[in-house]
Amino acid sequence: MVIVKPYGRMVICPAATPCHHPPDTTTWTTMRTIATAALTAALIVTSAAPAAAEPAPADLDAYIEASLERNGVPGAAWAVVSADGVEHTAAHGTDGNGDPVTETSPFLWGSVAKPVTATTVMTLVEDGRIDLDEPAATYLPDFTLADSGRSGRITVRHLLEQTSGIPEGTGITDRFDAAEDPYGQAVADLAVAETFAEPGTEFEYASANYLVLGAIVQAVSGMPYEDYLREAVLEPTGMNGAIATAEAAQAVPDGHAYVFGQATAIDAPFDPTGPSYGYLGGTVDDLARFAMMQLGKGAIGETRVLEPESVELAQTPAAAMNERVGYGLGWKIGDGNADLGTTTVFHTGGAPGYSAAIVLLPELDRAVVIAQNAYGYFQDGALIGPVFGAARIVAGGAAELPEGDGLYVWALAIVLSLLAAAALVTVWTLVRLRRAPKRIVPAWRVWIGMGCWAVGGLALAYAMGVALPGLAPSRVLFTLMMPDVAWSATALAIAALAVVAAKLWAGSVRLRRGARAPESAGG
């Protein structure tokens, strides 16, 4: 995962209409909403900066390195490209093995996989083997949802635009166990998922859409998704270091998550269905070549992957994510650099231990790509925001580094404070059990006290142990994306249960010691 990618439902714009409608005020809040806000804030902050002369590569490198140092990222690589080639490449720090990062170091890209998948689908559209407006079930007969009528109306275009009505959190993504038919199993498990809207009417970012697209590519091509991807896109583009299988992913060094603000190495897992939505990977050179092909309107050098019309369609807003960003076919399109004469076509991604971004400035024939070996849910804005600043610098503007997410500190502080309080209550309750009661308390008051502590403690345990992890696509991803919060929340859930047990025990002891029944309270 994607973790991952973080978006609510929005209104739909006709493809030819600029998407500036306000978001739906009834947006379903998920864990990823905060990441979207941070990303949008980064775009707004950078767009407000004054224009400046085109910088030297050293200025760009200094800006990016400052962000890496501020965020404690162990290693990263980035590049600036045009349609004609790579103009500048640089690297910083070390990988998870302690080796220096270079342009050939492998990373995972997270949801940057989505525009790659969209490109893959469009090759089949151009071949006449897929019709964008044909129902997905035409190519994938086993595809169905809880509402079979709605699922029968979901088209390939809806999946690409994230307007299918499939919600985030279906549980079919971010699975790391080996399976004989991972795409088939995931699609079968989608049969119990409820849709949130009629297909084509509302936007919601959901990686499940792109998992289904991977299954469609596999069914139509008659090849494993990763094989067709390599044949149709990776090899023609020269993305020879791209990682699209679990075997290849074993060569990826450990990435890093944030534990109490410090980047800490974690073993990067791999979902076999992930290459179509969030677990594709490769080197910064691979990212650069994909950007070059997009700037070249589907061609890189003499090799054509897509026709220009297909590239333009993919990069045209079809659904509004918010007032400043629209979604096309696998691409996000923003106006953050409109004052510098260009649209901003981009996609960002976060996978456990890694983050990446590709930002195209089509009218300027420039793009910036970056891969970093660190990711955290609360650090998403601070990690990805500077990429937009770098793109603005390349466009001739100026940018500042975005601030970190203050919610991270507050979330940890609240959870740890409640944990300390629960521990103190438990200890104090047990200590008091060793003392003789100073006064007799009516039994009804003891029962009410026991009930209140039980309800409150169980509610807190449920919130920390079930509800909070349930906001993430999976409990595993919750732990990988924010390990310190996940561990602290689990500890608090256990501590809350300990408080309940201690209070119930203490109450029962007090009752046995002679708490009076209501009728004898005055005697």
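Each value in this text was obtained by applying a stated rule to the coordinates, not by laboratory testing. Since we're looking at a predicted model, the values are computed, not measured. As a convention, Cβ positions derive from the backbone with ideal geometry for all residues, glycine included, and neighbour counts pool all protein chains shown.
Quick notes on this one:
- When residues in segment 439-489 are screened for being over 24 Å from residue 266 (Cβ atoms) and of a type outside the set (A, V, I, L, M, F, W, C), 8 of them pass.
- Only residues that are charged (D, E, K, R) and under 20 Å from the mean Cα position of the chain (by Cα) were counted in segment 314-346, giving 2.
- Among the conditions (1) under 18 Å from residue 378 (Cβ atoms); (2) out of contact with any helix residue (DSSP H, G or I) (no Cβ under 9 Å at 6 or more places or on another chain), the only one that residue 431 does not satisfy is (1).
- Looking only at segment 256-289, residues that are more than 15 Å from residue 374 (Cβ to Cβ) and aromatic (Phe, Trp, Tyr) come to 3 in all.
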